[in-house]
Amino acid sequence: MGLEFYTSRLADAVNWARKYSLFQYPFVTACCGMEFMSVWAPKYDVARFGAEFPRFSPRQADLLMIVGTITERQGPVLRRIYEQMCEPKWTVAFGVCASTGGFYQNYSTMPGADQCIPIDVYIPGCPPRPEQVLDGLIMLQDKIQEKRGFVQLREKREHDAVLQATGKLKVIP
Ligand code: SF4
């Protein structure tokens, strides 16, 4: 009981630090890029959320911002970038094109980046307003704190599977 209490408090503290130190890798492909740049300009002060530093190497980033239309040919590239990022990592689909393919209904446009990688937060809008982006960022921070990010949930599932296999976790049917 005591050990559980301390490890969960430690995890809360670590997640608190993680949510205020996001290093984003911007995968910018289209017109949403202009809005992305305006959000990260001084007026909206993303530094309040600890997410102001872009990193142009996926190995130094833990937040993949998918900004703009993704084509079928770009899918494998996006997947590779995602795989090169260290864990734990999070993803945000910025705008309707990254979320659903937007108004493009053709053979070359991917109907959403979630066709090739898991997405934690979808931000609607064409392009999204800066306030929507900040809302999305706050939603992501809540997910990180509550361990509801995709990678965090996967880690929990794997951890639980190990505990079940060793008999330390009983599943109630
Ligand atoms: S959502 Fe709109 S602004 Fe953003 S990339 Fe698509 S068409 Fe361009």
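The values are calculated or read from the model by the stated rules, or taken from the named source; none is laboratory data. This is a predicted model, so every value here is computed, not measured. Please note: Cβ atoms are built from the backbone with ideal geometry, for glycine as well, and neighbour counts cover all protein chains shown.
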Next item on the list: Of the conditions (1) within 12 Å of the ligand (Cβ to nearest atom); (2) within 12 Å of the chain's Cα centre (by Cα), residue 89 clears all except one; give me its number.
Entry: (1)
Check: Which one of these is under 24 Å from residue 85 (Cα atoms) and either at pLDDT below 90 or in a helix (DSSP H, G or I) (or both): 171, 133, 162?
Finding: 133
Margin query: Can you tell me which residue is farthest from residue 110 (Cα to Cα) among those in the stretch 21-65 that are of a type in the set (Asp, Glu) and surrounded by 14 or more Cβ atoms within 10 Å (Cβ to Cβ)?
Written below: 52
Margin query: Can you tell me which of (1) hydroxyl-bearing (Ser, Thr, Tyr); (2) more than 12 Å from the ligand (Cβ to nearest atom); (3) in contact with a strand residue (DSSP E or B) (Cβ under 8 Å, 6 or more places away or on another chain) is the one residue 122 doesn't meet?
Written below: (2)
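Criterion first (among the acidic types (Asp, Glu) and either in contact (Cβ under 8 Å) with a residue 60 or more places away in the chain or over 17 Å from residue 36 (Cα atoms) (or both)) does residue 135 satisfy it?
no
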Next item on the list: Scan the stretch 42-76 residue by residue and report those that are in a helix (DSSP H, G or I) and more than 17 Å from the chain's Cα centre (by Cα).
Entry: 42, 43, 44, 47, 48, 76
Margin query: Filter the stretch 92-119 down to the residues that are within 22 Å of residue 37 (Cα to Cα), assigned to a strand (DSSP E or B) and within 13 Å of the ligand (Cβ to nearest atom) and list them by number.
Written below: 93, 94
Margin query: Please count how many residues of the stretch 11-46 are among the hydrophobic types (A, V, I, L, M, F, W, C), more than 16 Å from the ligand (Cβ to nearest atom) and closer than 24 Å to residue 84 by Cβ.
Written below: 5
Note to self: Where the second residue is more than 16 Å from the ligand (Cβ to nearest atom) and part of a helix (DSSP H, G or I) and the first is closer than 26 Å to residue 79 by Cα and without any contact (Cβ under 8 Å) to a residue 24 or more places away in the chain and lies in the stretch 35-63, which pairs have Cβ atoms under 9 Å and are six or more apart or on separate chains?
What the structure shows: 40/46; 52/46
